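Remarks on the structure that follows.
The values are calculated or read from the model by the stated rules, or taken from the named source; none is laboratory data. Quick caveat, the model's predicted, so the values are computed rather than measured. Glycine also receives a Cβ, built like all others from the backbone with ideal geometry; neighbour counts cover every protein chain displayed.
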C-alpha cells in the first residue's frame with residue numbers, strides 16, 4: 001500500500017509535512033520520502049529506506065536541511081519516491097499510491113514509440129512512479145496527462161504532484177479505491193490519505209475528492225481541474241484492517257465500523273447458540289482488538305488481553321525480508337498473562353486470515369501457556385483472491401491464500417467453481433472449509449464475517465465498495 005501527505009502554505013511547511021507523513025507509517029514499511037519547494041532553493045528531495053526503523057528516525061534531520069512553503073511526503077511499500085521529474089510540463093516532484101498491473105505493456109509501448117529510456121532499477125525493473133510520470137508527460141497539461149494515465153493503467157493510481165512554483169496537484173484514482181482528503185486552515189491547504197493527519201495539524205476537512213477528481217491548490221485557493229464521477233469502488237479492507245482508527249473515509253469512521261462489525265458477528269453466534277461457555281473475548285493485536293471490543297460489548301462476555309505485544313523496540317514483525325526472522329521476531333514480541341490463559345476457553349477476533357502463518361503461531365503460543373480452547377473469528381470474509389488493485393497483502397498469487405489452498409486440498413480445481421459456497425458458512429462446502437482450517441491451526445471453532453455483514457458494518461451502498469478479494473467482483 002502506501003500513503004502521502006502534502007501542504008501548500010504561507011509559511012515553512014516542512015515540519016508539518018514531516019508529522020503528517022509520519023502519521024501514514026502504518027501504510028508502508030519500505031521507503032519514506034519528502035520533497036519541498038522553496039522560492040530561493042527550488043525543489044529539494046530526500047528518500048530513505050525505513051525497513052528497519054520508523055520514518056521519523058530517518059527524517060528528523062530533514063527539519064534542519066529542507067525548507068519550503070510547500071512540501072509533500074510519502075510512505076511506500078514499493079519503489080522509492082517522491083521522484084523528481086523534468087519534462088515539457090516543467091520540473092515537479094511526484095508521489096503515487098496504488099499498483100500497475102500492466103506496467104510491462106505500458107513500458108514497451110512507450111519505448112517502442114519514443115525510443116526513449118527509463119532509469120532501470122536492479123533486475124531491469126522500472127520505478128512505477130516514474131512510469132506514471134512518463135504517462136502524464138505524454139499530454140500537454142497535468143490534468144490531461146493524469147486523465148490519460150488513469151485511462152491506460154490497469155490497477156490503481158492516486159497521484160500527488162508538487163510543482164516547481166509551489167502549487168500541489170492531487171488526483172484520486174478513477175474508481176476511488178483509496179481516498180484523498182483536502183484540508184484547509186488559514187495559512188493554506190493540505191492533501192492526505194488519512195483524515196486525522198490533517199485534523200491533528202489544525203486543518204478542517206475541506207472536501208474528500210470524488211473518484212477521478214483532480215484539484216490544484218496553493219496557499220490561497222483550491223481549484224478543480226477535473227470534476228469527479230459518481231461511480232466508486234472504495235476498498236472495503238480499509239475499514240477492516242488498513243485504516244487507522246481515528247480516520248474517516250466517505251464519512252465512515254474506522255474504529256466505529258470495527259465495533260459494529262464485532263457486534264454483528266456476536267449476534268450471529270448468539271442466534272446459533274455458539275460460544276456460551278467462553279471465558280473471555282480478545283483481539284489479535286492490534287487491528288483485531290476493536291472488532292473484539294464490539295463482539296464483547298454485544299455478547300456481554302468479558303473482554304481481556306491474554307497476551308501483550310512488546311512493541312517499544314520491535315514495532316514491526318515483518319521488518320526482515322526473511323520469513324524465518326519475521327517469525328522469530330513475532331514470537332519474541334508475544335508476552336503471556338498466565339492468569340488469563342491457563343485453563344480458559346478463549347475467543348479471539350482477528351482482522352482477517354490471509355495466509356495464517358503468524359496466526360497459527362499465536363494459537364500454539366496460547367496452548368503452550370495452558371489455554372483450554374481457542375476459538376477464532378475473522379472480522380472479514382474468507383480471502384479468495386489476491387488483491388490486484390492495491391496489493392494490500394504480500395500475497396502475489398491466489399494460491400498464497402489459506403482459503404484457496406484449503407479449497408484445492410478439499411476438491412482440487414473443481415472447487416474454484418464454487419468459491420461462493422466455500423465463503424458461506426451455512427453451506428456444506430463452507431462448513432468443510434472451516435473444519436479443515438480448524439484442524440490445520442488447532443482452533444476449537446472458526447467462523448468468518450460475511451460479505452453482507454461487512455457491508456452492513458461499513459454502511460455504504462454496496463455498489464460503491466470493492467469486495468474483489470472476497471468474491472472476485474470487479
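Checked against (1) over 23 Å from the mean Cα position of the chain (by Cα); (2) at pLDDT 95 or above, residue 348 meets all criteria but (1).
Right, residue 217: in the same structural domain as residue 101 (by TED's automatic domain parsing), closer than 21 Å to residue 241 by Cα, modelled with pLDDT of 95 or more and buried (at least 23 other Cβ atoms within 10 Å of the Cβ) or not? Reasoning before the result, please.
Details: in the same structural domain as residue 101 (by TED's automatic domain parsing): yes; closer than 21 Å to residue 241 by Cα: no; modelled with pLDDT of 95 or more: yes; buried (at least 23 other Cβ atoms within 10 Å of the Cβ): yes.
No, not satisfied.
Residues in segment 368-398 that are in contact with a helix residue (DSSP H, G or I) (Cβ under 6 Å, 6 or more places away or on another chain) and closer than 30 Å to residue 234 by Cβ: 377, 379, 380, 381, 382, 383, 384, 385, 386, 387, 392, 398.
Criterion first (in contact with a helix residue (DSSP H, G or I) (Cβ under 9 Å, 6 or more places away or on another chain) and more than 26 Å from residue 455 (Cβ to Cβ)) does residue 433 satisfy it?
Numbers: in contact with a helix residue (DSSP H, G or I) (Cβ under 9 Å, 6 or more places away or on another chain): yes; more than 26 Å from residue 455 (Cβ to Cβ): no.
Taking the combined requirement at face value, the residue does not satisfy it.
Being out of contact with any helix residue (DSSP H, G or I) (no Cβ under 9 Å at 6 or more places or on another chain) and not assigned by TED's automatic domain parsing to the domain that holds residue 383 is true for just one of 249, 241. Which residue is that?
Working: 249 fails: out of contact with any helix residue (DSSP H, G or I) (no Cβ under 9 Å at 6 or more places or on another chain).
That would be 241, the only listed residue that is out of contact with any helix residue (DSSP H, G or I) (no Cβ under 9 Å at 6 or more places or on another chain) and not assigned by TED's automatic domain parsing to the domain that holds residue 383.
The listed residues are 404, 429, and the only one of them that is surrounded by 15 or more Cβ atoms within 10 Å (Cβ to Cβ) and either under 19 Å from residue 468 (Cα atoms) or touching a strand residue (DSSP E or B) at 6+ places or on another chain (Cβ under 8 Å) (or both) turns out to be 404.
Matching residues to (1) in a loop (DSSP other than H, G, I, E, B); (2) outside the structural domain of residue 205 (by TED's automatic domain parsing); (3) modelled with pLDDT under 85; (4) farther than 22 Å from residue 370 by Cα:
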{"position": "270", "(1), (2), (3), (4)": "no, yes, no, yes"}
{"position": "274", "(1), (2), (3), (4)": "yes, yes, yes, yes"}
{"position": "290", "(1), (2), (3), (4)": "no, yes, no, yes"}
{"position": "316", "(1), (2), (3), (4)": "yes, yes, yes, yes"}
{"position": "339", "(1), (2), (3), (4)": "no, yes, no, no"}
